[in-house]
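Data block below; observations after.
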Amino acid sequence: MTRLENAHTMIAEAIAYLDALKRRSISFRLLQNELRVRDLPTAKGWLPLLEKYKAKVSSPTIYEEWTAGLQGIYWNHILYGPKAVRVFKVEKDVCEKVKKLLPGLVSKKSEFAKNYPLPISETELQKATFNPTPTGSDDAGRLVLCAKRVFKAREPIELNDFDDEIKDAFGNYDELIGVRCGVTQAFDRIDVLPEKGEIHVYIDLSPMISGEEITRAFPFHIDQFNRWMAGPIGHPVLVDGGVNFYPAIAKLYNDADGRIIRLGHATGTKSIKEERMRSKLLDLREELFHKEGIKAIKDTDAYSISKVWDTASGFPKAVIPGHFSMAGAEKALVRYAIIDGCAGITDFDMILSKLNN
Amino acid sequence: MRRDQAEARVAEDLRANPQIERACKAILEFAASRSEEVLQHITFGALARASQLADPSLAVVAIQYLTGDRVHLLEPRFEFIDGDLIEAIEISEVNEARRNGTFYHPETGDLVTDFESKLIVHFVLSDMGKSLRNSSSV
């Protein structure tokens with residue numbers, strides 16, 4: 001390969017990782033931070049960013065550095081990007097057996113395998129299966145399952161783009177919003193952790209999907225995994241619904257660290273409050289209206305919470321998305337939590353430990 | 001600047017427009033009488049109510065004066081609000097976007113058409129505004 005062909009290949013590789021990150025709707029703020037930390041070029045938006053990486057540079061080693069850096073950011077996002085998690089307690093010896101079975105589950109011939117860990121093209125994705133397919137595994141006990149997933153995007157519609165007849169028909173409306181169904185390649189995951197006696201099921205939230213869609217995605221993984229394990233283990237391993245995150249809501253509120261940025265709680269004075277701060281830098285517990293309200297009525301039943309912490313990469317976040325029907329209920333149950341805003345394993349494991357202490 | 005000095009300037013500058021003069025003084029009173037904690041995010045609506053103007057839309061004239069050089073009580077702050085997202089945007093970034101006609105969504109990185117409709121202004125007390133609160137009034 002000539003130097004020119006080599007350079008073109010390396011540019012294509014760097015752009016492939018950027019395109020894949022864009023398709024995953026990575027937080028642009030998080031991406032900018034990760035690029036800066038790695039001394040890679042950054043920009044205000046996707047258009048100028050992609051232009052920078054297509055530009056000519058003085059030496060091929062620069063392309064190699066770019067590609068290596070972008071590959072690292074991409075793989076971190078696959079593993080530690082926004083996820084919904086359910087945690088199952090499983091006997092340690094069973095976990096050990098399950099962990100050894102994971103490589104054998106990977107399908108090297110699936111439609112997702114040929115490009116893995118990059119996504120398949122959007123054209124190929126349209127024809128791909130919705131069924132999560134084991135596509136990769138590693139020695140850490142992680143099984144990555146790829147699938148086609150539908151997401152809904154709400155976008156404003158510009159009336160000026162249409163002819164006069166349409167404009168007249170919608171002339172009374174201040175704003176027009178279109179709902180578009182898109183498809184994305186999800187990288188869900190099952191982590192088998194014998195040292196903890198736990199199996200974690202992760203639903204990829206890049207891009208974000210609704211609570212309803214998350215709730216629908218989990219049972220498929222659980223049922224499928226239990227079917228795979230039924231033969232070699234002899235019984236289902238993901239049972240009893242998993243850890244209940246509802247008690248963690250009060251703990252997160254009461255633990256002094258971090259900042260509460262959103263809280264759903266019900267009062268004895270017959271109201272349901274959904275409170276949030278305008279900025280991740282502010283703590284609801286310090287906000288005057290919230291403090292005085294709690295002081296006045298002594299106690300409320302929290303049912304949902306979002307909390308952030310400061311780290312070098314930004315503001316990793318723990319979310320427990322309960323419904324107000326759970327507030328103070330005898331059998332209050334929230335089966336999944338959300339981990340968001342993490343750039344790498346340190347942030348991710350920290351948030352997991354806050355949720356699953 | 002003390003409160004009485006601020007009021008004197010308002011009287012001098014807005015003599016020809018007594019309605020706006022009264023509105024500015026009412027806003028000065030509002031800023032002096034509330035605790036700083038509740039003045040962290042002052043909306044146009046709050047200032048319009050404080051102005052006691054019969055036509056609240058005229059409050060914009062009073063607010064323009066009170067963000068000016070003569071009695072610099074207030075400073076504008078911008079938030080980009082898109083759906084559930086609220087993101088503080090520096091004035092320098094707003095000015096650059098208005099100059100270039102381009103603004104990139106802070107979370108998605110996409111170009112935002114009609115970004116002006118998503119840039120929402122509110123106000124905070126300037127340093128002068130904070131010191132005016134601490135000064136004695138006439």
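Values for this structure:
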item: Within 10 Å of each Cβ in B:108-116, the average number of Cβ atoms from other chains; result: 5
item: A:Lys54-A:Glu195 FRET efficiency (beta carbon distance; Förster radius 41 Å; 0.05 resolution); result: 0.35
item: Two-site FRET efficiency, B:Ser35 against B:Ser117, from Cβ-Cβ distance with R₀ of 25 Å, rounded to 0.05; result: 0.15
item: Contour excess over end-to-end distance, with Cα ends at A:Lys100 and A:Arg29 and 0.36 nm allotted per residue; result: 21.7 nm
item: Listed peptides A:52-59, B:48-55 by packing density, highest first (mean Cβ within 10 Å); result: B:48-55, A:52-59
item: Burial ordering of A:Tyr63, A:Tyr173, A:Tyr303, fewest other beta-carbon atoms within 10 Å first; result: A:Tyr173, A:Tyr63, A:Tyr303
item: Mean residue ellipticity (222 nm) of chain B, computed from DSSP H runs ≥ 4 via -39,500 (n - 2.57), nearest 500; result: -13000 deg cm²/dmol
item: 3J(HN,Hα) from dihedral phi, the range A:25-35, Karplus parametrisation 6.51/-1.76/1.60, rounded to Hz, x for glycine, proline; result: 6, 4, 4, 5, 4, 5, 4, 4, 5, 5, 5
item: FRET efficiency estimate (nearest 0.05) - Cβ-Cβ, B:Ile91 to B:Asp69, R0 22 angstrom; result: 0.90
item: Within 10 Å of each Cβ in A:23-36, the average number of Cβ atoms from other chains; result: 2
item: Paramagnetic reach from A:Glu124 (point 7 Å along Cα→Cβ, amide N under 14 Å) across the range A:20-35; result: A:20
item: Dipole magnitude (debye, nearest 20) for chain A, charges at Cβ of Lys, Arg, Asp, Glu; result: 700 debye
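Here, each number is a calculation from the coordinates, and none is a lab measurement. Keep in mind the model is a prediction, meaning the values are calculated, not measured. Cβ: placed from backbone, ideal geometry, glycine included. Neighbour counts: every protein chain shown.
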